[in-house]
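**Student:** Sharing a structure below in structure tokens format, with a few things to ask.
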């Protein structure tokens, strides 16, 4: 008789981090499935759709222009006011105005597309850096102190492994922090920070902000290096690099300091959270190199890591430029003034030729021109919540889930690979 096939090894239940990533991804997949998408063979359905259209945004302006055209028609056709002029006036103006509209929409779409490229580059760099850290930071070269018992030595190794996982999770935190930073959401209490922004790391960030803007809110906690080696107390090294999940409960003084730090966040940021996270990550990698954990990866590998960190910083700067540096105010104001004057003068040109039919025609032209301006103003900031904006929430949840699955299903040990 054949032997029974071996039973599959028992799988460990997902921890809190993995469960959070599963839950967030499920929520974002559901929301992503409900996002509007253009159909390939449903032209009329898309053309008659109001949800996701710019119509609701421009409706008040469109109604005002239509009312103006109706008033001109009443004055001419009912009261005999002779408010009309030759259509030779509007011809040259239409050409110039068309060029302005084309340039406005072209620059806005360029910003939308550039935001997509920079964000995808960020996702690629995060995946590459996480993979490198998980497989190439060799914690086996670290030796626990000889004074520890065997049980304590095993616990010491598990703590270093957990810190390595927390270092990889810093990349997930960087994505979420970048998302909120681009949306000008400065609070540290967002739900997607749970499990990523630990109390110790949050306290270190608040303390860094306090040093940059106000007198210190609270004394820094005891300092320790990335691998448990004592270091001199500085604000950057005020706690273990990656917080332990079992942090002590905060006192009333800590709560007051946190409330004060939130006010500081609302006023200004001496250093943004994404930049702070990258600094902590760079510090962890530098400590790993100093401890010899990157020795087997070779010297060029650390240069590659620095290149990935530099690329993340560059992408962040590019995304900030897209999110904050809009078209010059003088250009935007002049374009809207020109649009308004063009539409206000259009009834005088058309009323004599089209009579009452001028009113719906002016409404049609207004819908086209004001709609193009509304589209341009919406897509030039592509990191928000508009239907046409990039789905940052889904991408962050997807990458976080990928990293958690990598750490759960793909052990860093190379034993038995070859």
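**Student:** So how do 114-122, 342-350, 28-36 stack up, highest first, on mean other-Cβ count within 10 Å?
**Tutor:** So the order, starting with the most tightly packed, is 342-350, 114-122, 28-36.
**Student:** Using 0.36 nm per residue, how much length does the chain from residue 30 to residue 321 gain when fully extended, once their Cα-Cα distance is taken away?
**Tutor:** Taking residue 30 through residue 321 to full extension adds about 101.7 nm, to one decimal.
**Student:** Roughly speaking, what is the stretch gain from residue 353 to residue 329, that is 0.36 nm per residue apart minus the C-alpha to C-alpha distance, in nm to one decimal? Mind showing how you got there, number by number?
**Tutor:** Working: separation 24, 0.36 × 24 = 8.64 nm, distance 3.74 nm.
Once the chain is fully extended between residue 353 and residue 329, it gains 4.9 nm.
**Student:** Which order do peptides 202-209, 404-411 fall in by mean Cβ count within 10 Å, highest first? Show your work: numbers first, answer last.
**Tutor:** Details: 202-209: 21.5, 404-411: 15.0.
By packing density, highest mean first, the sequence is 202-209, 404-411.
**Student:** Follow-up question, since we're still on this one. Taking 8 Å as the Cα distance limit and 6 or more residues as the minimum spacing, I'd like the relative contact order of region 77-218 as a percentage.
**Tutor:** Values: 30 pairs, mean separation 22.0, N = 142.
So the answer I get is 16 percent.
**Student:** Quick one: if the Förster radius is 60 Å, what FRET efficiency do residue 340 and residue 149 give, using the C-beta to C-beta distance and rounding to 0.05? Intermediate results must be reported in sequence, preceding the final value.
**Tutor:** Details: r = 80 Å, r/R0 = 1.34.
Efficiency for this residue pair is about 0.15.
**Student:** Same structure, new question: Between residue 310 and residue 408, what is the spin-label point distance in nm, taking each point 7 Å from the Cα along the Cα→C-beta axis?
**Tutor:** The answer from the label model is 3.7 nm.
**Student:** Ok, one more. Expressed in nm to one decimal, what extension gain is obtained for the pair residue 82 and residue 189 from 0.36 nm per residue of sequence separation less their Cα-Cα distance? Mind dumping the intermediate values first?
**Tutor:** On the way: separation 107, 0.36 × 107 = 38.52 nm, distance 6.33 nm.
Length gained, residue 82 through residue 189: 32.2 nm.
**Student:** Here's something else I'd like to know. Would you mind ranking 50, 132, 276 so that the residue whose beta carbon has the fewest other beta carbons within 10 Å leads the list?
**Tutor:** Arranged by neighbour count, lowest to highest, 50, 132, 276 become 50, 132, 276.
**Student:** Ok, one more. What FRET efficiency would be calculated for the residue pair residue 57, residue 301, taking the C-beta separation as r and a Förster radius of 51 Å, to the nearest 0.05? Spell out each step's value before the answer.
**Tutor:** Values: r = 50 Å, r/R0 = 0.99.
Computed FRET efficiency for residue 57 and residue 301 comes out at 0.50.
**Student:** Need one number: nm distance between label points at residue 388 and residue 131, each 7 Å from Cα along Cα→Cβ, rounded to one decimal.
**Tutor:** My value for the distance between the label points is 3.5 nm.
Only the coordinates and a few stated rules stand behind these numbers; no lab work does. Everything numeric here is computed off the predicted structure, so don't read it as measured data. No Cβ is skipped: glycine too gets one built from the backbone with ideal geometry, and neighbour counts run over all protein chains shown.
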